[in-house]
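Q: Sharing a structure below in structure tokens format, with a few things to ask.
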Amino acid sequence: MQYLVPKTKCLMCEGEFTKQGLTRHIKSCLTARLSDKSRAKSKQFYYFNVSDLFNSNYFLHLLIAEDATLEYFDAFLRNIWLECCGHLSAFSHQRFGDEISMKRKIKEVFAPDTKLMYQYDFGSTTELSVKNIAIFDGTIEGGKKISLLARNAQPQFPCDECRQKPAVQICTECQWDDRGWLCEDCAQNHACGDEMFLPVVNSPRTGVCGYAGPE
């Protein structure tokens, strides 16, 4: 079994797209669906692509209101993708640059094509690229500050033992030897025991620290 990357669903229209065509589609979909009828309530929304720095097959497409803070953005990323043990996190302009205050608002930090780095956990660090793709004017139903537009479909990793079925567990002991991805059948007979397992989840933090997916 080879590494497989399924198509991704646009959550606005339910259409499925390859990673390469998704950004163009979402820009078009947002243009058609963002309501600008009530100018009194209209504000700017920032369209972001957030991806793992070392594996771009993990990504989120988000729409964020101009008055949302980086602290709010941070909480969203933790809830959907990262939180395991209350680790520290930071936004910065470069990988090891000065931290940007979490109190800053989106509109104060981002312009079109602005890209920031985000780090969660300064021990077993997960690093993300956060890029503003475009800015839209309008309103969205319910007054949400952050809307999930699309999320990568779960990548399928082959079992390291049988090489035939997709892995569903990761042995954290065997990971030190660059192996340990196990299908359901092979996990049952794995020598290290299930107390060493973490589930394969749809997150760049899969198999890291104690992360087992969002609660």
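Bear in mind that the values in this text are calculations on the coordinates, not laboratory data. As the structure is a computational prediction, the values presented were derived from the model and not from experiment. All Cβ positions, even for glycine, are placed from backbone atoms using ideal geometry, and neighbour counts span all protein chains on display.
Q: Taking the Cα atoms only, what angle lies between the long axis of helix 19-33 and the longest principal axis of the chain, rounded to 10 degrees?
A: Between helix and principal axis, roughly 30 degrees.
Q: For a test of the definition: using alpha carbon positions, the gyration tensor, and the 1.5 limit on a/c, classify the range 62-159 as rounded, prolate or oblate.
A: oblate
Q: List every residue whose amide H lies under 5 Å from the amide H of W181, counting only residues 5 or more places away in sequence or on a different chain, with H placed 1.01 Å from N in the peptide plane.
A: For W181, whose amide H was placed from the backbone, the distant partners under 5 Å are D160, C171.
Q: Pop out the ³J(HN,Hα) list for the range 202-215 in order, Karplus 6.51 cos²θ - 1.76 cosθ + 1.60 with θ = phi - 60°, rounded to Hz; leave Gly and Pro as x.
A: Those phi angles translate into 8, 7, x, 9, 4, x, 10, 6, x, 6, 10, x, x, 6 Hz.
Q: Residue by residue, what Karplus-based ³J(HN,Hα) values in Hz, rounded to whole numbers, does the range 88-103 have, using 6.51, -1.76 and 1.60 with θ = phi - 60° and x for Gly and Pro?
A: Once rounded to whole Hz, the list reads 6, 8, 7, 9, 8, 7, 10, 4, 10, x, 5, 5, 9, 4, 5, 7.
Q: Now for a different question. Using only helices, what value at 222 nm comes out for the chain when you add -39,500 (n - 2.57) per DSSP H run of length 4 or more and divide by the total residues, to the nearest 500 deg cm²/dmol?
A: Result for the chain: -4000 deg cm²/dmol, rounded to the nearest 500.
Q: Assigning unit charges at the beta carbon (Lys, Arg +1; Asp, Glu -1) and nothing else, what dipole magnitude in debye, to the nearest 20, does the range 8-151 show about its Cα centre?
A: Once rounded to the nearest 20, the dipole reads 520 debye.
Q: Something else now. Within 10 Å of each residue's Cβ, count the other Cβ atoms and sort H190, H61, H25, H93 from fewest upward.
A: Lowest to highest Cβ neighbour count: H93, H190, H25, H61.
Q: Is the shape of the range 103-215 rounded, prolate or oblate, going by the alpha carbon gyration tensor and its root eigenvalues a ≥ b ≥ c, with a/c under 1.5 for rounded and a/b larger than b/c for prolate?
A: prolate
Q: Separate question: Neighbour counts of other C-beta atoms within 10 Å: give me C192, C183 arranged from fewest to most.
A: Arranged by neighbour count, lowest to highest, C192, C183 become C192, C183.
Q: What are the ³J(HN,Hα) values, in whole Hz, obtained from phi via the Karplus relation 6.51 cos²θ - 1.76 cosθ + 1.60 with θ = phi - 60°, for each residue of the range 115-127 in sequence order, with x given for Gly and Pro?
A: 10, 10, 9, 10, 10, 10, 6, 8, x, 9, 6, 9, 10
Q: Could you pull out every residue, at least 5 positions away or on a different chain, whose amide H is within less than 5 Å of the one on G207? Hs are placed 1.01 Å off N in the peptide plane, and Pro or chain starts have none.
A: Counting only residues 5 or more places away or on other chains, the set is V201.
Q: Identify the GluC sites (Glu not before Pro) of the range 155-213 meeting these criteria: DSSP loop state and at most 16 other C-beta atoms within 10 Å of the C-beta. Write out the running numbers ahead of the final one.
A: Values: sites: E161, E173, E184, E195; in loops: E161, E173.
Sparse-neighbourhood loop GluC sites (Glu not before Pro): E173.
Q: Using the number of other C-beta atoms within 10 angstrom as an exposure proxy, rank S89, S129 with the fewest first.
A: Ordered from fewest to most neighbouring Cβ atoms within 10 Å, S89, S129 come out as S129, S89.
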